[in-house]
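Before I ask anything, here is the structure I am working with.
Coordinate-derived values only; no laboratory data. Please read all numbers here as calculations on a predicted model, not as lab measurements. When we count neighbours, we look across all protein chains shown, and the Cβ atoms used for this are built from the backbone with ideal geometry, even at glycine.
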Amino acid sequence: MMDRPEDDKRLPDKDRLIILSETPLVAETPVDLLDDETTPISKFFIRNNGLLPEITTEPDAWSLMIDGEVERSLLVTLADLKGHFAQKTFRMVLECGGNGRAFFTPPAAGNPWGHGGVGCAEWTGVSLADVLHRAGLKETALFTAHYGADPDSSGDPDRPAISRGVPIAKALEEHTLLAWAMNGEPLPFSHGGPLRLIVPGWPGSLSQKWLKRIWIRDREHDGSGMTGLSYRVPVYPIPPGAATDGVELRVLESMPVRSIISFPVDGTAYPVGTEAIAVRGAAWAGDSVVGRVDLSIDGGATWVPAALQPPRNRYDWVRWSATLLLPAGGYYEIAARATDIDGRAQPFRAPNWNPNGYGCNVMHRVAITVGS
Ligand SMILES: Nc1nc2c(c(=O)[nH]1)N[C@H]1C(S)=C(S)[C@@H](COP(=O)(O)O)O[C@H]1N2
Ligand SMILES: [Mo]
């Protein structure tokens, strides 16, 4: 066994996370903890679907198999990845596909994420593309299939907790990483260490933790999390709560544009006479790019643009800030609305209801009072 404190399997130094489920462990970050430019590991959300893997190998001896529609199957160790491929570090958002699920009415099935099933960390590793090219992709290579070391909750080692995949074009993007470090530290066990995938901009479930195998397939992958209603949303919106029999569904790929207000904290009371307050947060837009962020204190009647800090690299979040002028004392709900460069903005109400509650990018609102 690696020398690892027992706690590390659960919530290593996890400040104030909201536990949505104990087994498997699912923990959300309160939005006011997402106030750092780079989300510290101690504040980063956790989402597990099955049991935790038993890991007995030293990190550098961890191996990854690439097989299927490739010229030669490749078994690479973490030491090989570190030594033989170009190392890259990008700061990128990781967001659960069910982030915002709690805002669907009627309630959707699954963990009731608020706005905090998201974080933005610096991931270090190598481009999956470089490793796939080493294996040599055949013409028939159409899709990836990801496997981790964690069994599903039945404990059957042949049943993976989750196994999803992406069209080969997404796998070949430079930013799709095989990552072994997070914020400059060896990837913690809770976040999939020694080795995980990061597929930025798409549902977090594609970013396989404890990564053991990438099977290159000649068709869309049909593993656990790829079939039925999993990660599927109606192509044409249906009435909230309606049955999906006969409804055309599509797999959710890019996550929609979204923003959070990380300061002030919901419920903040300002002293009498406060005329202006500082507000700040983050915004991101899946495969697209954040174009603007606007703020309203009057239910959307008027909007004030926020100043955007340029992202470090593609898939980084944009930190934004603004000063809001308050006309008088009283109660205000601050709403933040991000718009991507394709002109898609966040809605006031949960859009495109779907039974498993994916892709809810409803605006985040924070209530404040001035005076008593
Ligand atoms: N092996 C494995 N990888 C996994 C999961 C899992 O249960 N097992 N959960 C996925 C889901 S649904 C999400 S949202 C992200 C969460 O990553 P984190 O726990 O590092 O925040 O991991 C993904 N990768
Ligand atoms: Mo997720």
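Suppose only helical runs count, i.e. DSSP H with n ≥ 4. What mean residue ellipticity at 222 nm does that imply for the chain under -39500 (n - 2.57) per run, divided by all residues and rounded to the nearest 500 deg cm²/dmol?
-1000 deg cm²/dmol, from helical runs alone.
On a full-extension model of 0.36 nm per residue, what is the gain between LYS138 and THR323, subtracting their alpha-carbon distance, rounded to one decimal in nm?
Taking 0.36 nm per residue and subtracting the Cα distance, the gain is 61.2 nm.
Here's another thing I want to ask about it. Once label points are set 7 Å from the Cα along Cα→Cβ at both LYS82 and ALA169, what is their separation, rounded to one decimal in nm?
Distance between the two pseudo-spin positions: 3.6 nm.
Could I have the simple spin-label model distance between ASP287 and THR227, label points 7 Å from Cα toward Cβ, reported in nm to one decimal?
Calculated label separation equals 2.6 nm.
Next up: Can you tell me the FRET efficiency between PHE263 and GLU22 if r is taken as the Cβ-Cβ distance and R0 is 22 Å, rounded to the nearest 0.05?
E(calc), rounded to 0.05, equals 0.15.
Let me spell out the model: positive unit charges on the Cβ of Lys and Arg, negative unit charges on the Cβ of Asp and Glu, origin at the Cα centre of the chain. What dipole size does that give, in debye rounded to 20?
500 debye
As an exercise, use a Förster radius of 41 Å and the Cβ-Cβ distance of LEU249 and ASP36 to find the FRET efficiency, rounded to the nearest 0.05.
0.65
Continuing with this model, one more query. Check the straight Cα-Cα distances from LYS43 and name the aspartates and glutamates below 15 Å, setting aside those fewer than 8 residues away within the same chain.
LYS43 reaches ASP8, ASP13, ASP15, GLU28, ASP32, ASP35, GLU95, GLU122, GLU185.
Do the alpha carbons of any pairs in LYS88/LYS212; LYS14/LYS212; LYS88/LYS138; LYS170/LYS209; LYS14/LYS82 sit beyond 24 Å of each other, and which pairs?
Flagged as over cut-off: LYS14/LYS212; LYS88/LYS138; LYS14/LYS82.
While we're here: I need the Kirkwood Rh of the range 200-268: take the reciprocal of the average 1/r across all distinct C-alpha pairs and report it in angstrom.
15.5 Å
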